[in-house]
Structure formats: C-alpha cells, structure tokens
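Written below as structure tokens is the structure these notes are about.
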Amino acid sequence: MRQTIGLETRSRHDSKMTPILQTIDLRMTYHVGKMDVHALRGLSLDVDRGEFLAIMGPSGCGKSTLLHLCGGLLTPTEGKVLVDGEEITASSDARRTDVRRRKIGFVFQKFNLFPTLTAEGNLKLAERIFGKGSGDPERRRKVFELLKLEAKMRHKPLELSGGEQQRVAIARALVNEPALILADEPTGNLDSENSEVVLSMLRDLNKQTKQTIVMITHNPEAAQYADRIIHMRDGHVVKEERPSAPPVSPALEGVHP
Amino acid sequence: MDSLVFENVRHRPLRTIISLAGVAIGVVLTVMTVGLAHGMLRNTAERQANVSAEIMFYAAGDFSPATGQALGLDTLYGTAILDGTSRVQPIPGVAVVSPVAQYLQTSVTGVGFELVEGIDFATYSKVTELKIVDGREPVGDEVVVDRRYASDKKDINGQPIVLGSKILLFGRPVPIVGIYEPEVGARLKLPLDTLQRLVVNGAEKCSLLLVKCKNPAEQDTVAAALRSTYPSNRIVMSRDLPSLVSGSIGSLEVFLKVVVRLAAVVSTLVILLAMYTTIIERTREIGVLKSLGASKLFIVGTIVKEALLIAVLGVVVGTIVAVLGKFAVEAATSLHVDVELTWVGIAAIIGLTSSVAGALYPAIRAAYQDPVHALSYE
C-alpha cells in the first residue's frame, strides 16, 4: 500500500527527478521469542534530493528501524528501499555495504566517534573506508571550516564538548560527499544550546549545499528545522506537516552567523 | 601505519603488553631452547674433536659423555690395560691410557652446573691436543682453565680472571695457575689425585679411561680385546661419537618440535584471547565501521593488522630477550646458547603466523556482526 506523502513531495519539487530515497511498502517484523513484533507495516516514503526531512514519533513506532533499513543496515521482511535509484533490499550484504559507503552518511545520537583517533583521524578513517587512501586534506579542511571546527582538528573526542563531538560526527558523515545523511536523534545527547547549534548547522548544510538529510527526533523543536516532518505511529506514517520557519536562537550567535 | 590500528595498540597498553609478552615468550622459548640444544651439541662436538684417543673405557652402567659420572672406575684398570697386572694380561696395541675423573659441581654463580676434571697431565696431553699456553700445570689444590673460561668468567672478587686469580671449587678458593688450549673435556682441570682426594677421599678412582692405540688402524682389534677382557665395562669408540650425538639429536629434534609447537600454541591463544576481548570491547566501534560502509575484508584486515603489529613488537622484544638471555646464561653457567639467525627467523614466522591465526576467528566474528546490534551495544 503506497502512501501519498512521496507523491506530494515529488510534486513540490521536480516531478521528473528521481527521489534520493524511496521506500516502497516497507514491512519489518521482528521475532521476539514466540511473538512477532511488527515494527513497520507497509511504509512507503519518498525523500527528494536536497530535502531536509524529520521523522517523529513515540518510542517503538519504527523510526529507528526505518532509518536502519534506509541505510542498508537491516533487511526488510517485505518491501523495497531505493537509494539514489539503487535498490538495496534485494542486494547482497556486500552490495548494501557498497551503497552505504558511496551514498550514505550516518550521524548517531551518541556521536560514535573513535575515541583513539583525533577529529581529523575520524574523518581520515571514513575517507579510507570510502577508498580515498590517505584522503583529501583540502576537503577535510573545508568540512571542518563549514562546521566551525578548524581549531579542533587535532583534538580527540574526549577533549571535545558534546556539541563539538556531534559536529565532528557530522563532518565525518559529510567528508565523502554522500547523497544522503541519515541522522538518528542527533541532538538526543546534547543540551538545548548545543542542540540548537547542531540543528542550525544541519539546516545550513541543507540550504547551502543541498545536502539531503533524514533526521529522526523526539524533539518537536528540533523537527522545526526540517522542510518536512512526518509523524509515525505503530509502523505507519500518520501525519505530515511542513513547519513555517525554524526557530532562531541567540545561542547560535557567534557560533554560526 | 594505519592510524586506527596504531592508536588501538597504544590505547590499551596493558592489553598490548600482555599480548606482546605472549608472542615474545614464544620467540624466547623457541630461540633459547633450540639455541641451548644446538649450542651444547656444537660445543660437545668441538671439544670431542680435540681428543685423539680412539677408545673411551667406562665403568659398567649408563654412558653419558656430556655429564659427570661418579668416580666408579678403578684407575688400576689403566695399568692393567697398558702394562698388565696380576689379574690380567696387558692389551696389545695400546700406546697410552689416561684416567679422567669427572665431577659435576654447582656453578660458582649457583645457576647450572660446571664440569670439573681431574687429569693426569703427563698422559692426558698424549691422548688430546691439550697444551698449557700460559702459566704452568697445576699441582695440589690448583686449577687450569681454558681460554674461554678465562675471558668469560670472573674470580671470587668479581674481577676478570688472570693467572693467580682464585675461583671457588668444592667450596674453597683455588688459584688458577695456567691457561690451556684447545678446548677439550671440562673447562676446569685439576690434578687427578686432587680430585680423588676431594671427592673419594683419595681412592684410586676415575670416571673413564682414554685409550690411545699405537696404530689407529688397529683400534677395532684393541677394542675387541678390551671387550673380551672386560665384558661388563662400556667401551665407546671416539669415531662413533658423531653418530651417538646424531642419535641424541634425533630425539632432541622431537623435543624441539614439541617446544616450537608449544610456542606457536601459546602465541595463538594469547592473541586469540586478546583480540576476542578487543572485539567484544569494541563491538560498538565495529558497528560504526559498518555504518561507514566498511567491508568485511576491511574489518578483518584492521583486526589482523592490529594483531600483526603486536606480533612484530613481540618478535622484536622476544629476540632481544633471547639475545640477552644467551649472555646471561653463558655468564652464569657453563652452558652454551647459539642464537641462530635461522631460528630467530623461524620463531618470527611462527609468532607472526600464529598471531594471524589467533586473530582470524575474532576478526571474522567481528566482520559478521549484525551492525544494528553492534551499534546498540553498551
């Protein structure tokens, strides 16, 4: 069963343009002991290129499962996921890994930086996995500059604040120029001040570089930074809305003019 | 160097040291055991090569040319073999008979043992190449040593050995009055009667007789006559010593193989345990690698490279310890350790391959982890 949200999205942008992310009748059932838990119940969704989409919903509604399926970290029970036109659900693990490497950047709630590496080392690792060898120093410098992290390149994660760590995590996700960034509660471990900084940076990235972002959040204020918000419940999309304008916070002044 | 691998090794110094020690122990075990075995065999062969007597005549019982024996042989046998006694006829074809008393004492340092020989210098120099090259023959409670002993050991005051230096023998200071060459038999040589006085209260006893034939071509005839006259005694031909040593090498090789395999097992298990613990500890990081698009091969490679780095460090440390161990053992004991490049190489290969083998299971396990499960690991 196809939901209408994707069609509406396409009409809002260029109807001829292929969505960067498509899920078609996506179903996911977990077997917990003798019980079947239906995390997704036929969810279809299109995300356009350059879109900033927020997914909201209560715990257990299937948000994280959806994100993991979109990133090829899980295989659905039924349905399809297409990333930049490539179907990843029917692919081998190696193929999904390849698509993830080339097209997707992840940002996690707990930052998930490698604690033994510096901020720049974390980016270099992502570049090496991508296959860029020792990477592109100029690209790294630009990404750090974009995220106001030039002075923190040589710092290890434990020497950085939560907000800075998350910005490094965003930099790591960006360094290989992915088609799509999947952010799983990126402000879930941050105070409100740092949350605003990170969300503002994500929004600016989206606006300035047309970077497509799909963000899961519990926080309605965080969702306001997106172009579109979808609400999930019990494995379905139950509501879609478009925020009028993102909040402006004095906390951002001086950090992100 | 891969910075993730390098930083991971640096990040957990205790784990790295323990893993490294596991590999190093394997290297030391291999290099030292093989070195000790080969060193002792080589030294025995070299020293035996300087004995020109064709026949060795022992008391009944076990034959053990490399170690000291109780002075179970009556020196009168020597007179009997050479000149005849009231009991037996002399053995025709014998040129010289030299009695040798051997005694194994605890090393001066307290580590290992030292073989001391009591010899009759007049006859001993005729059945071997021995010559006093510095000083003089010992008389009474005096001793002569070979050149290597003089250069490697210290006197009772910890000073380098020179003529007149005293060393501890049978619990008393004994002066060194001469240096002999070439190396033959025990490094420490006393007059035969002195050793008999100290060990068997002056009884005319020895450990073996070195028998030199008038004509080496007749040594079989002489040996046959000896066997016929003294059937209960043990007679060993000098020319058979290489095959006797080879025989002992055969069983030694089996022992060495066991040691080498043991070293490989130790290295494998230590690395396996260390890397297994590592991947459990880094489950979340493995999930992150997967989310970044790291292939299974990349993850396996990262973990194996980490094990290899530890193994390389372990091999280097193990080799250094083995070389230091060689000098320590040789300084503290009369044992010889040959640190052979070939065996250092073999130990290195064993250390590296067993480390890779030990890391493979944890690495493959990590590569096949469910990324979502790994990312949610606390």
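The values are calculated or read from the model by the stated rules, or taken from the named source; none is laboratory data. Not measured: the values here are computed from a predicted model. Cβ coordinates were reconstructed from backbone atoms using ideal geometry, including for glycine residues, and neighbour counts include every protein chain displayed.
Any residue at all in region A:169-188 that is buried (at least 23 other Cβ atoms within 10 Å of the Cβ), among the acidic types (D, E) and touching a His at 6+ places or on another chain (Cβ under 9 Å)? Taking every residue of region A:169-188 in turn, at least one turns out to be buried (at least 23 other Cβ atoms within 10 Å of the Cβ), among the acidic types (D, E) and touching a His at 6+ places or on another chain (Cβ under 9 Å).
The set of residues in region B:281-320 that are small (G, A, S) and either more than 9 Å from every other protein chain (Cβ to nearest Cβ) or assigned to a helix (DSSP H, G or I) (or both) comprises B:G287, B:S291, B:G301, B:A307, B:A311, B:G314, B:G318. Here region B:345-367 is the region considered, the condition is being among the aliphatic types (A, V, I, L, M) and surrounded by fewer than 20 Cβ atoms within 10 Å (Cβ to Cβ), and the residue that is farthest from B:K290 (Cα to Cα) is B:I346.
Screening the candidates B:A186, B:A224 for the property of being of a type in the set (A, V, I, L, M, F, W, C), under 24 Å from B:Q48 (Cβ atoms) and buried (at least 18 other Cβ atoms within 10 Å of the Cβ) yields one hit, B:A186. If you go through region A:73-121 and keep only what is facing chain B (nearest Cβ under 9 Å) and in a loop (DSSP other than H, G, I, E, B), you end up with A:L73, A:L74, A:F108, A:K110, A:N112, A:L113, A:F114, A:P115, A:T116, A:L117, A:T118.
Per the listing B:A294, B:A331, the residue uniquely out of contact with any strand residue (DSSP E or B) (no Cβ under 9 Å at 6 or more places or on another chain) and either farther than 30 Å from A:K110 by Cα or crowded, with 19+ Cβ neighbours inside 10 Å (or both) is B:A294. Which members of region B:136-164 meet the condition of being under 21 Å from B:F121 (Cα atoms), surrounded by 15 or more Cβ atoms within 10 Å (Cβ to Cβ) and of a type outside the set (K, R)? The answer is B:E137, B:P138, B:D141, B:E142, B:V143, B:V144, B:V145, B:D146, B:Y149, B:A150. Per the listing B:A223, B:A264, the residue uniquely of a type in the set (G, A, S) and closer than 30 Å to B:A347 by Cβ is B:A264. In region B:27-52, the residues that are touching a residue at least 12 places away in the same chain (Cβ under 8 Å) and closer than 17 Å to B:V339 by Cα form Cβ pairs under 8 Å with partners that are hydroxyl-bearing (S, T, Y) and part of a helix (DSSP H, G or I), at six or more places apart or across chains, as follows: B:V27/B:T319; B:V31/B:T319; B:L41/B:S248. Pick from A:V168, A:V198, A:V143: which is under 25 Å from A:G72 (Cβ atoms) and within 14 Å of another protein chain (Cβ to nearest Cβ)? Of the residues listed, the single one that is under 25 Å from A:G72 (Cβ atoms) and within 14 Å of another protein chain (Cβ to nearest Cβ) is A:V168. Could you tell me whether B:V116 is modelled with pLDDT of 80 or more, under 24 Å from B:H336 (Cα atoms) and assigned by TED's automatic domain parsing to the domain that holds B:W343? The answer is no for B:V116.
Scan region A:43-66 and tell me whether some residue there is under 22 Å from B:Y368 (Cα atoms), crowded, with 19+ Cβ neighbours inside 10 Å and more than 10 Å from every other protein chain (Cβ to nearest Cβ). Yes: one or more hits.
Results for (1) touching a Lys or Arg at 6+ places or on another chain (Cβ under 6 Å); (2) among the small types (G, A, S); (3) within 27 Å of A:G188 (Cβ to Cβ), shown as yes or no for each residue.
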| residue | (1), (2), (3) |
| --- | --- |
| A:L69 | no, no, yes |
| A:V83 | yes, no, yes |
| A:T89 | yes, no, no |
| A:A94 | no, yes, no |
| A:D98 | no, no, no |
| A:R101 | no, no, yes |
| A:G105 | no, yes, yes |
| A:F114 | no, no, yes |
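The set of residues in region B:140-172 that are part of a helix (DSSP H, G or I) and either not charged (D, E, K, R) or not assigned by TED's automatic domain parsing to the domain that holds B:I119 (or both) comprises B:Y149, B:A150, B:S151. How about region A:68-84: which of its residues are of a type outside the set (V, I, T) and crowded, with 21+ Cβ neighbours inside 10 Å? A:H68, A:L69, A:C70, A:G71, A:G72, A:L73, A:L74, A:P76 - these are the residues of region A:68-84 that are of a type outside the set (V, I, T) and crowded, with 21+ Cβ neighbours inside 10 Å.
Of these, A:L45, A:L69, which one is part of a helix (DSSP H, G or I), of a type outside the set (D, E, K, R) and modelled with pLDDT of 90 or more?
A:L69
In region A:199-218, the qualifying residues are those that are of a type in the set (A, V, I, L, M, F, W, C) and free of Cβ contacts under 8 Å to residues at least 60 places away in the same chain, and the one that is surrounded by the fewest Cβ atoms within 10 Å (Cβ to Cβ) is A:L205. Exactly one residue among B:L256, B:L241, B:L226, B:L209 is part of a strand (DSSP E or B) and either at pLDDT below 85 or within 25 Å of B:D120 (Cβ to Cβ) (or both), and that residue is B:L209.
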